[in-house]
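**Q** Submitted below is the structure of interest, expressed as structure tokens.
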Amino acid sequence: MDYTQLKTFTEVAHIGNLTQAAERLHLSQPAVSAQIKALEARLDVTLFKRTTNGMTLTPAGEVFLPEAEALLQHHHKLDCFAKTLSEHYVTHADLGLIHPVAPDKITGLTQSILKQDPDIMLHIQYGMSGEIEQRVLDKQLHGGFFLGPVTRRSLRSLFLGDIQYSLVCHAGETGHIRANLPESLEEYAWIEMSVVSSSRKHMQQFWRKHKISPKQQIICDYPQTIIDLVCEGTGLAMIPAQKAEAARAAGKPIDILDEYRQTLPLHFIYLDEFEEDPVLNLLKGCVEEVWADTVV
């Protein structure tokens, strides 16, 4: 069975679009189409239905997909094993983190990983959820944390619990805001993260739900600066409840509008193809240990 054809088949199956699959595989669309046709000819079966909306699996394709995924997983596992045969092999683990993850969890996770493998070269990369997701898809990370629902078919995930978000404002504005909710929320600038942040996507859903059209939006990708701007009276922001409560407890001029709390699911995500990767399994085991009270 041709590995390249299997990889192309699973990519198209996961994405459902030839053009997007070609971009992910760094191939031309005709090349991807030709590989799919060659695989169908080899198997003497139709794997996809071509529609105006893209590519959908036939019943035969649905049955074939998990078998193809299993073969790719085994191929990746074999590749990982082959690398360990090198005399100078060192285990590398690439882990993606996002700011909403609690610091004590990060510390506990790091300690757990190093306890499992004291010689491992651990590379922790910070980013926003969309960035971490893309790095996982591009095989730059073994796995990483992601805020929000996991919708990509090529990704697997562990649900780690919900993260509470609170709407915060300058303490001096609380009375004025509460006097005319939700209309008063439109009078202020909203400080938010960029488009690759899951929290921003949910913020936009929040605006639609409450029919809010902010007069101004300020994009800021550094969480502490967002809190500082709120404390200076620059605008409103939706931040993790833990950070909001910590800022208020530290005496910052910040108030929490409890009427507008939001909940976002936290996941640990990884590529389906990496399912049997020893490094991924080490990371998953440590994540499950640290989040033992909530992991699903």
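The values are calculated or read from the model by the stated rules, or taken from the named source; none is laboratory data. Everything numeric in this text was worked out from a predicted model, so none of it was measured. Note: ideal-geometry Cβ built from the backbone for every residue, glycine included; neighbour counts use all protein chains shown. Quick note on the areas: whole protein, heavy atoms, side chains included, nothing else; ligands and nucleic acids left out. Shrake-Rupley method; radii C 1.70, N 1.55, O 1.52, S 1.80 Å.
**Q** Sort out which residues of the stretch 209-233 are in contact (Cβ under 8 Å) with a residue 24 or more places away in the chain, closer than 21 Å to Glu259 by Cβ and assigned to a helix (DSSP H, G or I), and write them in order of number.
**A** Hits for the stretch 209-233 are His210, Ile226, Ile227, Val230, Cys231.
**Q** Of all residues being at pLDDT below 95 and either small (Gly, Ala, Ser) or within 24 Å of Asp258 (Cα to Cα) (or both) in the stretch 143-160, which is most open to solvent (accessible area, probe 1.4 Å)? Just the residue, please.
**A** Across the stretch 143-160, the extreme among qualifying residues is Pro149.
**Q** Which condition from (1) open to solvent by 90 Å² or more (accessible area, probe 1.4 Å); (2) touching a strand residue (DSSP E or B) at 6+ places or on another chain (Cβ under 8 Å) is the one that Thr52 breaks?
**A** Condition not satisfied by Thr52: (2).
**Q** Inspect the stretch 234-244 for any residue being charged (D, E, K, R) and either surrounded by fewer than 16 Cβ atoms within 10 Å (Cβ to Cβ) or assigned to a strand (DSSP E or B) (or both) and give the result as yes or no. Explain how you work it out, then say what you get.
**A** From the stretch 234-244, those charged (D, E, K, R) are 243; that's our starting set.
Filter again for either surrounded by fewer than 16 Cβ atoms within 10 Å (Cβ to Cβ) or assigned to a strand (DSSP E or B) (or both), leaving none.
No, the stretch 234-244 contains no residue that is charged (D, E, K, R) and either surrounded by fewer than 16 Cβ atoms within 10 Å (Cβ to Cβ) or assigned to a strand (DSSP E or B) (or both).
**Q** Here is a further query. How many of the residues in the stretch 55-75 are among the hydroxyl-bearing types (Ser, Thr, Tyr) and open to solvent by 20 Å² or more (accessible area, probe 1.4 Å)? Spell out how you get there, then give the answer.
**A** Pass one, the stretch 55-75, residues among the hydroxyl-bearing types (Ser, Thr, Tyr): 56, 58.
Now restrict to residues that are open to solvent by 20 Å² or more (accessible area, probe 1.4 Å): 56.
So the answer is 1.
**Q** Same structure, new question: Can you tell me which of (1) surrounded by 12 or more Cβ atoms within 10 Å (Cβ to Cβ); (2) assigned to a helix (DSSP H, G or I); (3) modelled with pLDDT of 90 or more is the one Phe206 doesn't meet?
**A** So Phe206 meets the others, but not (3).
**Q** May I pose another question? Looking at Cys231, Cys286, which one is open to solvent by less than 40 Å² (accessible area, probe 1.4 Å) and either among the aliphatic types (A, V, I, L, M) or farther than 23 Å from Gln111 by Cβ (or both)? Don't jump to the end; show me each part of the working.
**A** Details: Cys286 fails: either among the aliphatic types (A, V, I, L, M) or farther than 23 Å from Gln111 by Cβ (or both).
Cys231 is the lone residue from the list that is open to solvent by less than 40 Å² (accessible area, probe 1.4 Å) and either among the aliphatic types (A, V, I, L, M) or farther than 23 Å from Gln111 by Cβ (or both).
**Q** Looking at Gln140, Gln116 in this structure, which one is over 30 Å from Ser194 (Cα atoms) and either surrounded by fewer than 16 Cβ atoms within 10 Å (Cβ to Cβ) or at pLDDT 90 or above (or both)? Working first, answer last.
**A** Numbers: Gln140 fails: over 30 Å from Ser194 (Cα atoms).
Exactly one residue qualifies, and that residue is Gln116.
**Q** While we're on this one: Would you pick out the residues in the stretch 271-283 that are open to solvent by less than 20 Å² (accessible area, probe 1.4 Å) and in contact with a Cys (Cβ under 7 Å, 6 or more places away or on another chain)? Spell out the reasoning first.
**A** Our first condition is that a residue be open to solvent by less than 20 Å² (accessible area, probe 1.4 Å); within the stretch 271-283, this holds for 271-274, 277, 279-280, 283.
Selection gives Asp277 alone.
**Q** Still on this structure: In the stretch 253-260, is there at least one residue being at pLDDT 90 or above and assigned to a helix (DSSP H, G or I)?
**A** Our first condition is that a residue be at pLDDT 90 or above; within the stretch 253-260, this holds for 253-257.
Checking the rest, the ones that are also assigned to a helix (DSSP H, G or I) come to none.
The answer is no, given that none of the residues of the stretch 253-260 is at pLDDT 90 or above and assigned to a helix (DSSP H, G or I).
**Q** Just to be sure I understand, how many residues within the stretch 76-113 are surrounded by 15 or more Cβ atoms within 10 Å (Cβ to Cβ) and closer than 18 Å to Leu141 by Cα? Please lay out each step first, then the result.
**A** Initially, the stretch 76-113 is screened for residues surrounded by 15 or more Cβ atoms within 10 Å (Cβ to Cβ), giving 76-77, 80, 91, 93-101, 105-106, 108-110, 112-113.
Of the ones still in play, those that are also closer than 18 Å to Leu141 by Cα are 76-77, 80, 91, 93-99, 101, 106, 109-110, 113.
Residues in the stretch 76-113 being surrounded by 15 or more Cβ atoms within 10 Å (Cβ to Cβ) and closer than 18 Å to Leu141 by Cα: 16 in total.
**Q** Would you point out which residue out of His123, His170 is within 22 Å of Ala249 (Cβ to Cβ) and at pLDDT 95 or above? Before you say what the answer is, go through the steps one by one.
**A** Working: His123 fails: within 22 Å of Ala249 (Cβ to Cβ).
Being within 22 Å of Ala249 (Cβ to Cβ) and at pLDDT 95 or above holds for just one of His123, His170, which is His170.
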